Amino acid sequence: MKRNIAVLMGGFSSEKDISIKSGNVIYNNIDRESYIPHKIIISKEKWVYVDDNNIEFKVSKEDFSIEVDKIKINFDVAFIVIHGSPGEDGLLQSYFELLGVPFTGCDSYTSSITFNKRDCISVLQKHDIPSANSIHLNIGDAINENEIIEEVGIPCFVKANKSGSSFGVYKVHDRKDLISSINNSFKIDNEVLIESFLDGIEVSVGVINYKNEIKVLGITQLITENDFFDYSAKYEGKSTEITPANISELQKNNVTKIAKKIYKKLGLKGFSRSEFIFIGDTPYFIEINSIPGMTNESIFPKQAKNYGISLKNLCTEVIEQAMK
């Protein structure tokens with residue numbers, strides 16, 4: 001009997017449109033011989049199942065079910081492809097944990113840790129994972145320019161602490177732009193992380209537990225036409241992505257080891273993509289995506305293809321892991 005799979009996309013954040021693109025890629029690559037996928041679009045206003053004729057059916061939040069032609073459908077697995085809230089911050093995971101519905105990816109606790117840049121870095125520092133110097137601010141905190149510059153220097157990065165796709169991220173080249181960048185980041189999130197600028201080779205590393213083995217699918221070197229790897233670099237072709245990365249064998253071994261260590265220590269499951277910048281041969285951790293972009297422009301699907309694993313097989317693996 002075929003399993004009913006809910007492919008969740010959309011969400012509450014500025015990443016909702018990217019999530020819908022990612023969700024459609026996953027939906028199109030789920031094996032129809034074993035599963036029946038359903039598009040579930042989530043927003044603050046409504047949760048709906050959208051059929052292939054774009055007809056909407058309400059999702060019952062009481063038991064996460066739908067009714068089509070007077071037939072009730074319960075889902076065997078929730079395949080979460082929502083970037084940002086509520087897909088990466090633990091909210092949906094908590095909901096499904098309460099209902100007892102199997103879901104893809106990591107649990108609610110791990111999701112909340114990885115989504116919070118400050119907390120994630122703090123946890124990984126205890127496992128000797130190198131990262132940039134940083135200062136964390138809550139909205140309403142007094143902002144001491146001298147203290148910030150003394151700690152992180154100029155240039156530096158100002159980042160919305162809980163955001164993805166580089167929304168709310170600014171590279172500050174001049175002291176006079178520091179306060180305005182912080183205020184702009186506070187428009188995205190009520191917490192801001194300010195980090196020192198690391199000048200080195202930037203790479204993105206895709207990791208997955210595939211057939212009971214943690215595998216690095218690929219190491220992609222990121223070269224952007226912009227000031228940094230921002231939204232337009234990621235999604236509008238303003239960058240060059242080289243897979244495999246043009247790095248030394250030592251650098252490759254070092255980042256592979258650290259990426260796997262992060263996956264294990266954080267208790268990640270399913271797809272993940274972590275970002276690093278090399279200072280010499282040492283990879284410095286930048287951030288991790290527990291639900292990486294899966295659009296046609298995204299890095300993770302390209303890494304999987306380069307590794308020789310189809311998206312169909314990856315989807316099957318992740319679904320089967322969720323049901324164990």
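A short reminder: the numbers here are calculations on the coordinates, not readings from a lab. Fair warning: this is a prediction, and the values are worked out from it, not measured in the lab. Neighbour counts are summed over all protein chains in view; Cβ atoms, including those assigned to glycine, are modelled from backbone coordinates with ideal geometry.
Distance between the modelled labels on Ile179 and Glu45, one decimal in nanometres: 3.9 nm (7 Å Cα→Cβ projection). Region 68-165 gives an Rg/Rh value of 1.15, both radii derived from C-alpha positions and Rh following Kirkwood. Rg ratio for the chain: its Cα radius of gyration over 2.2 N^0.38 Å, N being its residue count, equals 1.01. Remark: region 1-80 projects, on average over all directions, an area of 5.5 nm² (convex hull of Cα atoms). Please list, short to long, the whole-number percent of alpha-carbon pairs of region 26-128 in consecutive 10 angstrom bins beginning at zero. Computed distribution, short to long bins: 13, 40, 31, 11, 4, 0. For Lys215, the aspartates and glutamates whose Cα falls under 18 Å of its own Cα, not counting residues fewer than eight places away in the same chain, are Glu249, Glu275, Glu317, Glu320. Rounded to the nearest angstrom and listed largest first, the equivalent-ellipsoid semi-axes of region 102-209 from its Cα gyration tensor are 26, 16, 13.
Which entries in Lys117/Lys159; Lys257/Lys305; Lys39/Lys72; Lys117/Lys176; Lys2/Lys72 show an alpha-carbon gap greater than 18 Å? Distance filter (> 18 Å) returns Lys257/Lys305; Lys117/Lys176. Derived value for region 237-324: Kirkwood hydrodynamic radius 14.5 Å. Basis is the mean of 1/r over every pair of different alpha-carbon atoms. Once each of the GluC sites (Glu not before Pro) sitting in a DSSP loop with at most 12 other beta-carbon atoms within 10 Å is removed, the chain keeps 63-224 as its longest stretch.
Between Phe12 and Ile279, the contour length at 0.36 nm per residue exceeds the Cα-Cα span by 92.5 nm.
Spatially, region 260-324 and region 78-142 are offset by 15 Å when compared through their Cα centroids.
Across every direction, the projection of the convex hull enclosing the Cα atoms of region 169-324 has a mean area of 10.5 nm².
According to the Kirkwood relation over distinct C-alpha pairs, the hydrodynamic radius of region 134-196 is 11.2 Å.
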